[in-house]
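First up is the structure itself, then whatever we jot down about it.
The values are calculated or read from the model by the stated rules, or taken from the named source; none is laboratory data. Every value quoted in this text rests on a predicted model; they were computed, and no experiment measured them. Every residue, glycine among them, receives a Cβ derived from its backbone with ideal geometry; neighbour counts consider all protein chains shown.
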């Protein structure tokens, strides 16, 4: 059996779970989210595989268009 998964849905649900784990409010995202946060929480593989190593892309999956790249 082959199951098709919508890549965009997978990215968004993964990112939502990430922010639940890290307990970071939307207001604090730009202040605190960086590659080191992913590394320190054992999530760099996730960042690298799903978001090409970009914290901004991970954030943009959860909050599309709300933040500009930094």
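Restricting the search to the range 41-53, which residues are free of Cβ contacts under 8 Å to residues at least 12 places away in the same chain and under 17 Å from residue 13 (Cα atoms)?
Within the range 41-53, 44, 45, 48, 49, 52 meet the criteria.
Could you list all residues from the range 36-47 that are part of a loop (DSSP other than H, G, I, E, B) and surrounded by 12 or more Cβ atoms within 10 Å (Cβ to Cβ)?
41, 43
Can you name every residue in the range 1-35 that is at pLDDT below 70, closer than 17 Å to residue 49 by Cα and either in contact with a strand residue (DSSP E or B) (Cβ under 7 Å, 6 or more places away or on another chain) or in a loop (DSSP other than H, G, I, E, B) (or both)?
Once the filter is applied, which keeps residues that are at pLDDT below 70, closer than 17 Å to residue 49 by Cα and either in contact with a strand residue (DSSP E or B) (Cβ under 7 Å, 6 or more places away or on another chain) or in a loop (DSSP other than H, G, I, E, B) (or both), the range 1-35 yields 5, 6.
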